[in-house]
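I have placed the structure first, in the form of structure tokens, so that the comments after it can refer back to it.
The values are calculated or read from the model by the stated rules, or taken from the named source; none is laboratory data. All values reported here derive from a predicted model rather than from experimental measurement. Cβ atoms come from the backbone with ideal geometry, glycine included; neighbour counts cover every protein chain shown. Surface areas here come from the heavy atoms of the whole protein model, side chains and all, with no ligands, DNA or RNA. Shrake-Rupley method; radii C 1.70, N 1.55, O 1.52, S 1.80 Å.
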Amino acid sequence: MKRIDKVEQALQQIWQNKSQEVLLNGGSSAREIADQLMITRSNASGDLNLLVREERVIKIKQYPVRYLPLMVVEKTLEMTLPRPLVYKSLTDLLSSPEQGNGVIKPIDPLTDIIGSQQSLKNAIFQAKAAVHYPPFGLHMLLLGRTGSGKTFFVQKIYDYALYAHRLKPDAPFISFNCAEYANNPQLLLSQLFGYKKGAFTGADQDQAGLVDQAQNGILFLDEVHRLPPEGQEMLFYLIDHGVFNRLGESSFQNHAEVLIICATTEDPESSLLNTFVRRIPMVIKIPSLDQRSLSEQVDLTKFLFCDEADRIQRPLKVDIEVINALLQSVETSNVGQLRSLIQLTCAHTFLNNMNDDGYLHVKMRDLPQNVQLKWGSGTEMMAGTKKLTDYLDMVTVITPQEQMAPKKQFNDANIYRLISNKVSELRQEDISDSEINQYIMTDLRLHIRNFVTKSEVDYSLLNFMEPKVLAFIKKLRKYAEKQLRRTFDRRFDYYVGMHVDAFFKRKSDVETIIPGDLDVLERENQKEFQVAIGFKQLFSEEFGINLSEIEVAYLIMLLLSIESLSDRSKKKVGVLVVAHGDSTATSMVSVAKELLGVVPMLPLNMPLTVSPEEIYERIAQKLAVLDEGLGVLMLVDMGSLAMLDERLIESTGIKIKTISNVTTSMVLDAARKINYMNVGLNEVYESILNDFQGLAQATNGDADKPKAILSICTTGAGTAEKIAGMINHLISETTDEYIKVLQISSLKMAQHVRDLKQHFNIIGSVGTKDPRLGVPFIPLEDLIDGTGENALRSLIASRQFKIKRQPDKHYMVRELTEDTLKQYLLYLNPTVITPVLIDWLDTVQTAMKITLSNTAQLKVLVHTAFAFERVLKNEPLHYTDTLSEEIDTLSELIIKTIKPIERQLNLELCQDELLFITEAINDVC
């Protein structure tokens, strides 16, 4: 069972059978779940938030945040809860007027802000009072330093006005920065109030202003101190009388009902007219970052890291020292500066680990250079980290909060404009051009990755390109194919075409941002770099255009993304098994390949006479053979071999992860995860560490005790009995020697295990939780999948037990299939049809010369049984996909082999159902 499923199961067991009153006031914190399951709080928090997004768990935003299982709550309250499943409280549910409809009031946007009960409590009280003041609210002035969050707070005020029904749902929110036109007062006032035709040179028609656009809504004026005195006078006349005049009008004939919110970083007494200030009765002070508590600063930092996780769609692990250094480095108490530093840090992390599939680990080395130099060491750094331990684990896990929706159309002018704005912002923070360049490269990579992998391909758009552009794309494609010695399909035309077409439509203001740094791209991607330089030459010859370095960088990354479309699915993590002895490693790898088929895995046997230097050379040679670009997992028998990591990584350039104390079960688990789950290096490494931590041989002191295997379940009954039955069946097939199967609950496992070890020689355990006894543990999901079954037989065999008879290879598949079908079939008898279908699938596997895993067999068997059930119901599926040659050929075998079953059941499958069965088999091959 995966950790996230264990978290959900624990939550359900805590809150099932609880009364309505208990549920409405209850919930488990991440810390409580972590303590029960003996995992870190950050991991528990990450899993719980993922369960919330998957709509399996409810989140109650109190302090501390609490969680409840959705299924239990909805069943107990007999109502369907609205989405998203994040609420301030459930206590008002039963008293709500909408109770009968199962509706809970949405969260108050202002109380959802970080610091709503601390530093921002007074500001929120003032804002709410202003919004509710009749008839249309009180105008507000926000005071605060640059980057304190004034704009964010104003947006929340608008959200609150909608939430409180003080504004209509379609009420406008208009934002205007008075500094943008500060050097041209006439233009500023025309933007704000509009103008009449002929008011000034170029005013050839009437033009409405922002006040008109904000009618019945909110007008936000940032940096209002940059508004000229004339404009302030026009504004307070509007506040007093509800009317205004446009430039060129002699009378106040325009009416407006607008709630005005202003913001400034300056002292209003010295920077604004007294007559203007007196007309804004509600002055709200927004605290700067250094005026907020440490817990708020931590929450803000985690929130900003979460934004970056959303942006790059990758989970993050952030070291506590990183958060400390960032908070200590924001000298101006500016949240905006903190955001910029976090973005740069994550950009470094992304560039350093962009080929990894798992978590991105944010470390001190990823911080901007100026932060590293100041906070790399010292007592102040240590003291700050110690304070943070009250609020953070040593490593904080940040998971993306939402999936980015694919964009309907491609607009890469937008990414250039966004980057251009960000460059200006970073330069104001005195960030070096080299670090800014890294940020740009990261944004380009993310933009291209999202475009190529997530956008909808609409080849019809190629028809709208100018003929000369389309012909030029063909020329680029032919050139790229020749230089890279590979063939591209029309996806090249589409992706490169969309970019080139957009390039010609962009204006000059976004063509040049800052000089790009192509050194890294050239060093890492020499072939693609040369092709992009060739593209640049072709642009110059064809259109007389000299591409900037940023365009060349874009083309390199676009080429890499297009190439990876066809290559990505073929690559896998390699596994190198290294063990001392003449054939130990070979034996382990042979078992894995025999049970799981083709695996990117090699053995390396190490006789004890081999020198350390020779060991190093042999390992390096094997790594070079195994690596497909995704890295290699080394499973070794001695810790000393793991010490070669850094030297091997440095000399070979291959990403390596090493785990000591290798066993056959560990090798099987690695092969299964890589072959069938298609996981990355970090994921398989962490998964195996978690599953096999503490694995070692049983001590000789237990040799005289009765042998036993533990069957572990959270409840100690039900599932544990099912597991025990499976284990007993495998034991009875494998040996005549008596082995006791002991059922225990994981909830009181530590005490039970201590007692049992005094009386039994525990040789292994199976179930939902690893007791960490130093003996093999087989997760329940592995037992079901088949690899665990083989590992358990191997465990018994390794104890030199006498083999009794040929095992029933279909036992696990038959049990699982029957259990599944009993839940869903109405007409067919699962006990009768299951062995019939298993025999048929055996025939198919023999004919195809393949061996399917238990999970794959289960999928095909259940699908086929459902197909026969649909015949009885007269509800066949209809196959609408284009029939591929592969499916068409395979379907001949399926039709031929399934005919006897149709005759035996007196049921005939239609052609469409047969094609779906064929697809199911083809998918798992």
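Structure data summary
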| item | result |
| --- | --- |
| Mean Cβ neighbour count within 10 Å, used as a protection proxy, ranking 899-909, 652-662, 846-856 highest first | 652-662, 846-856, 899-909 |
| Of Lys61/Lys168; Lys75/Lys757; Lys822/Lys896; Lys59/Lys387, those spanning more than 32 Å from alpha-carbon to alpha-carbon | Lys75/Lys757 |
| Exposure rank, largest accessible area first [Met666, Met79; 1.4 Å] | Met79, Met666 |
| Extension reserve of the Asn874-Val22 stretch, reckoned as 0.36 nm per residue once the Cα distance is removed | 302.0 nm |
| Calculated P(r) of region 141-259 - Cα pairs past 23 Å, % | 33 |
| Residue-by-residue Karplus 3J(HN,Hα) for region 151-167, coefficients 6.51, -1.76, 1.60, Hz, glycine and proline x | 5, 4, 5, 5, 4, 5, 4, 4, 4, 5, 4, 5, 4, 8, 6, 7, 10 |
| Hydrodynamic radius of region 863-916 per Kirkwood, over alpha carbon pairs, in Å | 11.6 |
| Gap separating the Cα centres of region 62-87 and region 533-561, nearest whole Å | 53 |
| Spin-label proximity, Ala171 to region 251-278 - amide N less than 16 Å from point 7 Å beyond Cα toward beta carbon | 256-262 |
| Long pairs among Lys673/Lys769; Lys363/Lys655; Lys571/Lys673; Lys468/Lys536; Lys6/Lys571, criterion Cα-Cα beyond 21 Å | Lys6/Lys571 |
| Region 810-923 shape via C-alpha gyration tensor axes, a/c threshold 1.5 | oblate |
| Distant-in-sequence amide H partners of Asn254 (H built 1.01 Å from N, under 5 Å) | Phe244 |
| Chain lengthening between Ser583 and Gln118 when straightened (0.36 nm per residue, less Cα-Cα) | 160.8 nm |
| Positive-end residue, region 810-923 charge dipole about Cα centroid, Cβ charges, pick of Tyr827, Thr897, Asn874 | Tyr827 |
| Other-chain or far-sequence residues with amide H under 5 Å of Val575's (modelled H) | Met601, Leu602, Leu633 |
| Student exercise, region 159-286 dipole from Lys, Arg, Asp, Glu Cβ charges, in Debye to nearest 20 | 220 |
| Region 810-923, accessible surface, carbon-and-sulfur percent (1.4 angstrom probe) | 49 |
| Inter-probe distance in nm under a simple model that places probes 7 Å from Cα toward Cβ, at Ala179 and Glu617 | 6.5 |
| Overall Cα dimensions of region 257-318 - principal axes, largest extent first, Å | 53, 31, 17 |
| Distance between modelled label sites at Glu908 and Lys527, nm, 7 Å Cα→Cβ extension | 5.4 |
| Candidate residues His878, His361: accessible-area rank, largest first, probe 1.4 Å | His878, His361 |
| J(HN,Hα) series, region 335-343, from Karplus relation 6.51 cos²θ - 1.76 cosθ + 1.60, nearest Hz, glycine and proline x | 5, x, 5, 4, 4, 4, 5, 5, 5 |
| Volume of the Cα convex hull of region 3-93, divided per residue and given in Å³ | 82 |
| Inter-part distance where region 280-341 and region 851-873 are each reduced to a Cα centre, Å | 52 |
| Linear extension gain, Gln205 paired with Arg491, 0.36 nm per residue minus alpha-carbon span | 98.3 nm |
| Rounded FRET efficiency, nearest 0.05, which uses the C-beta distance separating Asp307 from Phe125 and R0 of 25 Å | 0.35 |
